[in-house]
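Asker: Okay, here's the structure, questions in a sec.
The values are calculated or read from the model by the stated rules, or taken from the named source; none is laboratory data. Everything numeric here is computed off the predicted structure, so don't read it as measured data. Using ideal geometry, Cβ is built from the backbone for each residue, glycine included, and neighbour counts are taken over all protein chains shown. All accessible areas refer to the heavy atoms of the entire protein, side chains included, with ligands and DNA or RNA removed. Shrake-Rupley method; radii C 1.70, N 1.55, O 1.52, S 1.80 Å.
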Amino acid sequence: MDMTNQFVKKDRYEMQDLLQIMALLRGEGGCPWDQKQTHESIRNNFLEETYEALEAIDAKDPAMLREELGDVLLQVVFHAQMEQEAGHFDFGDVCNEICQKLIVRHPHIFADVVAQTSEEVLTNWDQIKMQTKGQKAASETLESVPKILPALMRAAKVQSRAGKAGFDYPDLDWAFRDLQSEVEELREGIACQNRENCDEELGDLLFAAVNVSRFLKLDAEESLSKACNKFIRRFTQVERLAQQRGVDMKSASLQELDGLWKEAKQTERASGVDF
């Protein structure tokens, strides 16, 4: 089948064109690769494209973000096309459902509810969300946090929802004391050489650290990502210094490596490198 007879090339394409392209790729005479894909086979593609869009946001690069948002949109259209072929729903249904949701959850815009601050908006949003999802107990809102989320992000959401139900520390000091307590419990687990206990206590320690991040109004996932970037940057500098001085990092003493690390740290701070 000649695919070019079914599609008109343009200087600028719109949403309907994207839907048509995907239908052609998946249809008879289309692309062999696209035709054989399933929700499961391109599942990770969705995740990767989303992370690349986040990277564009962090880079503050509009051109990159435009491209990556297109890649994310492609994943949405791809999955919707599969469901249309199965007779379950189509892209129009996806658009309708999110529009309906936005209208229902913004009664201060589309109805007569008053909400003058972002806090009031979020309170209304949470109440409406529980009602529309049929959630009556706070524990149901915790259970609804996707288990597939990165663990730090999931922990923050679970803690936040528990806090909205009144189950939370009163302030940062309480959260920090709990973090210190979990450090000691992990130390005790290590002393006992109990692997299962260490696993549990390490989890509690990380969970407590996320609690501290919430009270600091910081995102633990982002903080850890920045820490990874910082470590890579400093390690690269340490490796460079070691090569310049003929130091074999694999056989170097802890004192030598620590000295190089401190030097790299001081150099970085003196140069004013951002976190």
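Asker: Go through the range 67-100 and count every residue that is assigned to a helix (DSSP H, G or I), open to solvent by 50 Å² or more (accessible area, probe 1.4 Å) and of a type in the set (A, V, I, L, M, F, W, C). Full working, then the answer.
Answerer: Pass one, the range 67-100, residues assigned to a helix (DSSP H, G or I): 67-86, 91-100.
If we keep only those that are open to solvent by 50 Å² or more (accessible area, probe 1.4 Å) as well, we get 67, 69, 73-74, 84-86, 93-100.
Checking which are of a type in the set (A, V, I, L, M, F, W, C) leaves us with 69, 73-74, 86, 94-95, 98-99.
Of the residues in the range 67-100, 8 are assigned to a helix (DSSP H, G or I), open to solvent by 50 Å² or more (accessible area, probe 1.4 Å) and of a type in the set (A, V, I, L, M, F, W, C).
Asker: Please determine whether any residue of the range 237-258 is in contact with a Lys or Arg (Cβ under 9 Å, 6 or more places away or on another chain) and closer than 28 Å to Val183 by Cα.
Answerer: No, the range 237-258 contains no residue that is in contact with a Lys or Arg (Cβ under 9 Å, 6 or more places away or on another chain) and closer than 28 Å to Val183 by Cα.
Asker: In the range 249-260, what count of residues is obtained for those that are open to solvent by 70 Å² or more (accessible area, probe 1.4 Å) and part of a helix (DSSP H, G or I)? Steps first, answer last, please.
Answerer: Taking the range 249-260 as the starting set, the residues that turn out to be open to solvent by 70 Å² or more (accessible area, probe 1.4 Å) are 250-251, 254-256.
Add one more test, that the residue is part of a helix (DSSP H, G or I), and what stays is 254-256.
Count: 3.
Asker: A follow-up question, please. Checking the condition of a type in the set (A, V, I, L, M), more than 19 Å from the chain's Cα centre (by Cα) and farther than 30 Å from Asp17 by Cα, which residue from Ile128, Ile98 passes? Please lay out each step first, then the result.
Answerer: Details: Ile98 fails: farther than 30 Å from Asp17 by Cα.
Step by step, each of Ile128, Ile98 is checked, and only Ile128 is of a type in the set (A, V, I, L, M), more than 19 Å from the chain's Cα centre (by Cα) and farther than 30 Å from Asp17 by Cα.
Asker: Still on this structure, I have one more. Within the range 9-42, track down each residue that is assigned to a helix (DSSP H, G or I) and surrounded by fewer than 14 Cβ atoms within 10 Å (Cβ to Cβ). Break it down into steps so the answer makes sense when it comes.
Answerer: Step one: list which residues in the range 9-42 are assigned to a helix (DSSP H, G or I), which gives 15-26, 32-36.
Met15, Gln16, Pro32, Trp33, Gln35, Lys36 - these are the residues of the range 9-42 that are assigned to a helix (DSSP H, G or I) and surrounded by fewer than 14 Cβ atoms within 10 Å (Cβ to Cβ).
Asker: Taking the condition under 30 Å from Val145 (Cα atoms), open to solvent by less than 90 Å² (accessible area, probe 1.4 Å) and at pLDDT 95 or above, does Leu202 pass?
Answerer: On the way: under 30 Å from Val145 (Cα atoms): yes; open to solvent by less than 90 Å² (accessible area, probe 1.4 Å): yes; at pLDDT 95 or above: yes.
Spelling it out, Leu202 is indeed under 30 Å from Val145 (Cα atoms), open to solvent by less than 90 Å² (accessible area, probe 1.4 Å) and at pLDDT 95 or above.
Asker: Can I ask one more? Can you pull out the helices (runs of 4 or more DSSP H) entirely within the range 101-153 that have at least 2 residues that are open to solvent by less than 80 Å² (accessible area, probe 1.4 Å) and within 28 Å of Leu218 (Cα to Cα)? Let's see the steps before the verdict.
Answerer: Numbers: elements: 107-110, 118-132, 138-143.
Fully inside the range 101-153 and qualifying: 118-132, 138-143.
Asker: If you don't mind, another one. Do we find a residue being part of a helix (DSSP H, G or I), in contact (Cβ under 8 Å) with a residue 24 or more places away in the chain and closer than 30 Å to Asp171 by Cα anywhere in the range 230-248?
Answerer: yes
Asker: Then there is this: Which one is nearest to Leu172 (Cα to Cα) among residues in the range 136-161 that are under 12 Å from the mean Cα position of the chain (by Cα) and among the charged types (D, E, K, R)?
Answerer: Among those that are under 12 Å from the mean Cα position of the chain (by Cα) and among the charged types (D, E, K, R), it is Lys157.
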